[in-house]
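**Q** Sharing a structure with you now.
The values are calculated or read from the model by the stated rules, or taken from the named source; none is laboratory data. All values reported here derive from a predicted model rather than from experimental measurement. Glycine gets a Cβ as well: all are built from the backbone with ideal geometry, and neighbour counts include every protein chain shown.
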Amino acid sequence: MKILIVEDDVLLADSLAALLTGKGFEVEAVYDGEAGADYAELGIYDLLILDVMMPKMDGYAVARKVRAQRCGTPILMLTARSATEDRIQGLNAGADYYLTKPFDARELLACVNALLRRQGAQVEELVFGNTSLDLASSTLVGKTGSVRLSAKEFDIMRFLFQAGSRNLSKETILARVWGYDSNAVENHVEVYVGFLRKKLRSIGSNVRIEAVRRLGYHLEVDTSCSDGCG
């Protein structure tokens with residue numbers, strides 16, 4: 001499970017990231033609302049933990065922007081504000097739960113687990129065409145077989161499944177899979193996309209990874225092989 005923390009208190013954000021990482025979650029943190037909205041709209045996270053008072057864009061605005069993009073990712077909103085009006089504003093903006101600071105780590109973990117359980121099967125499997133990606137086992141399942149993916153292959157495939165027909169640039173994939181501080185270059189993305197194309201063909205998938213010059217990659221269903229491609 002992948003969690004995004006959007007919190008301008010760097011110490012708190014990093015502490016939360018360490019806590020959740022220790023519980024087996026994959027966690028990323030950003031420190032202002034504008035960056036948080038950009039990251040959240042990528043659609044690759046299972047949960048957003050969102051502070052209210054932040055520079056550039058407050059948490060309410062981030063939640064509204066995310067929901068306007070029809071992103072259904074659960075949002076856990078954190079704030080020092082405890083007034084009923086503030087809680088109502090957060091829920092109306094699109095938050096699923098509102099946790100008031102200071103909070104106990106056990107309470108945070110209980111909220112995180114509850115929100116992820118509420119997602120149920122929605123976060124266990126992604127489907128496109130005749131192909132599914134099992135998020136628990138990193139397995140790609142097609143018409144005629146299945147194949148386990150490496151960590152990088154899984155991250156890229158998941159990213160593409162969640163984006164669907166929307167183009168993802170090489171720069172975006174590089175940053176989100178390898179990290180902004182990585183020495184990896186765009187050729188790394190091309191190589192892994194090549195691996196994934198071969199694996200899709202090997203399992204009889206009718207899903208193709210299409211490249212669009214200067215725009216990146218997206219998924220398409222090959223209608224010429226509706227019964228599965230060999």
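**Q** So if I check each of 184, 175, 163, which one is touching a strand residue (DSSP E or B) at 6+ places or on another chain (Cβ under 8 Å) and under 27 Å from residue 30 (Cα atoms)?
**A** Details: 184 fails: touching a strand residue (DSSP E or B) at 6+ places or on another chain (Cβ under 8 Å); 175 fails: touching a strand residue (DSSP E or B) at 6+ places or on another chain (Cβ under 8 Å).
163 is the lone residue from the list that is touching a strand residue (DSSP E or B) at 6+ places or on another chain (Cβ under 8 Å) and under 27 Å from residue 30 (Cα atoms).
**Q** When you scan the stretch 41-85, how many residues do you find that are of a type in the set (Lys, Arg) and in a loop (DSSP other than H, G, I, E, B)?
**A** First pass over the stretch 41-85, keeping only residues of a type in the set (Lys, Arg): 56, 64-65, 67, 70, 81.
From what is left, the residues that are in a loop (DSSP other than H, G, I, E, B) are 56, 70, 81.
Result for the stretch 41-85: 3.
**Q** Next question, about the same structure. Within the stretch 46-69, work out how many residues are in contact with a strand residue (DSSP E or B) (Cβ under 9 Å, 6 or more places away or on another chain) and either without any contact (Cβ under 8 Å) to a residue 24 or more places away in the chain or surrounded by fewer than 21 Cβ atoms within 10 Å (Cβ to Cβ) (or both). Can you show your working first?
**A** Going residue by residue through the stretch 46-69, those that are in contact with a strand residue (DSSP E or B) (Cβ under 9 Å, 6 or more places away or on another chain) are 46-54, 58-60, 62-63, 66-67.
Imposing the further condition that a residue be either without any contact (Cβ under 8 Å) to a residue 24 or more places away in the chain or surrounded by fewer than 21 Cβ atoms within 10 Å (Cβ to Cβ) (or both) reduces the set to 46, 53, 58, 67.
Adding up the residues that qualify gives 4.
**Q** Among the candidates 205, 182, 137, single out the residue that is touching a residue at least 60 places away in the same chain (Cβ under 8 Å) and either touching an Asp or Glu at 6+ places or on another chain (Cβ under 7 Å) or in a loop (DSSP other than H, G, I, E, B) (or both).
**A** Of 205, 182, 137, the one residue that is touching a residue at least 60 places away in the same chain (Cβ under 8 Å) and either touching an Asp or Glu at 6+ places or on another chain (Cβ under 7 Å) or in a loop (DSSP other than H, G, I, E, B) (or both) is 205.
**Q** Looking at 177, 112, can you tell me which residue is assigned to a helix (DSSP H, G or I), surrounded by 18 or more Cβ atoms within 10 Å (Cβ to Cβ) and assigned by TED's automatic domain parsing to the domain that holds residue 40?
**A** Values: 177 fails: assigned by TED's automatic domain parsing to the domain that holds residue 40.
112 is the lone residue from the list that is assigned to a helix (DSSP H, G or I), surrounded by 18 or more Cβ atoms within 10 Å (Cβ to Cβ) and assigned by TED's automatic domain parsing to the domain that holds residue 40.
**Q** Please go through the stretch 86-115 and pick out each residue that is of a type outside the set (S, T, N, Q) and under 15 Å from residue 53 (Cβ atoms). Working first, answer last.
**A** Step one: of the stretch 86-115, the residues of a type outside the set (S, T, N, Q) are 86-88, 90-91, 93-99, 101-112, 114-115.
Passing the criteria: 86, 87, 90, 93, 95, 98, 99, 101, 102.
**Q** While we're here: Sort out which residues of the stretch 1-45 are crowded, with 21+ Cβ neighbours inside 10 Å and among the charged types (D, E, K, R), and write them in order of number.
**A** The answer is 7, and nothing else.
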